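Remarks on the structure that follows.
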Amino acid sequence: MTQPSTARGGGFSGWLVRGLSRLMLLLVVFAAGALAMHFGMHAGEHADLQARQSQVESLQAELARAQADLAARRSEAEVQAGTQRVLQDKNAELQQELGRTRDQLAFYEQLIPPGPAGAVAVRAFDIQADGEFLRYRVLLTRNAAPQAEPFKGRMRFVANGRSHGKAVKIELNPPVASA
């Protein structure tokens, strides 16, 4: 006589094996689902982390460029400030020299008494370089009696300087048109 329980599946041990098999299958499916869910959630975080890291690197490169640009502009500003100081010092020096020259001119004007035709004085003088030439404007004044003859004269320019260590004096003549 065969036992009906063994014919159907082996009795308690068969039932236990089937139950354990199903339980193991359920555990494997659950573990696979949990792993898939875990990696799926973290895969999004990993991609987001990589995107943020790339953004941080881009911002760091932009910051480095901005810092280099700032350093260059600061350096340029320092050079300009130094140049401005030098020019201000030179301007002050030239102003002092101009004051001394005016004082000397006033002194010499006092020494030369006007003659019967009056005295001629330079009131203003402006000169500018124009290529190889010099352009100038001169304002002359004359203190003479109202009935005095009009002034007729000639203006000469003489340059004093040094050439190869020797003092030189050169008369500056107006340009002559070439034929």
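Going by the conditions given, is R135 surrounded by 10 or more Cβ atoms within 10 Å (Cβ to Cβ), among the basic types (K, R) and under 30 Å from P175 (Cα atoms)? In short, yes.
Of all residues in the range 127-162, count the ones that are in contact with a strand residue (DSSP E or B) (Cβ under 9 Å, 6 or more places away or on another chain) and in a strand (DSSP E or B). Qualifying residue count, the range 127-162: 19. Out of S13, S75, one residue alone is at pLDDT 90 or above, out of contact with any Gly (no Cβ under 7 Å at 6 or more places or on another chain) and of a type in the set (S, T, Y). It is S75.
Pairs are defined by a Cβ separation below 9 Å, a sequence spacing of at least 6 or placement on different chains, a first member in the range 123-138 that is hydroxyl-bearing (S, T, Y), and a second member that is in a strand (DSSP E or B) and loosely packed, with under 10 Cβ neighbours inside 10 Å; the pairs so defined are Y136/D126; Y136/Q128. Right, P175: outside the structural domain of V122 (by TED's automatic domain parsing), touching a strand residue (DSSP E or B) at 6+ places or on another chain (Cβ under 8 Å) and modelled with pLDDT under 85 or not? It is true that P175 is outside the structural domain of V122 (by TED's automatic domain parsing), touching a strand residue (DSSP E or B) at 6+ places or on another chain (Cβ under 8 Å) and modelled with pLDDT under 85.
The values are calculated or read from the model by the stated rules, or taken from the named source; none is laboratory data. Just so we're clear, the structure is a prediction, and the values are computed from it rather than from any experiment. Don't worry about glycine lacking a Cβ; one is built from the backbone with ideal geometry, like all the others, and counts go over all protein chains shown.
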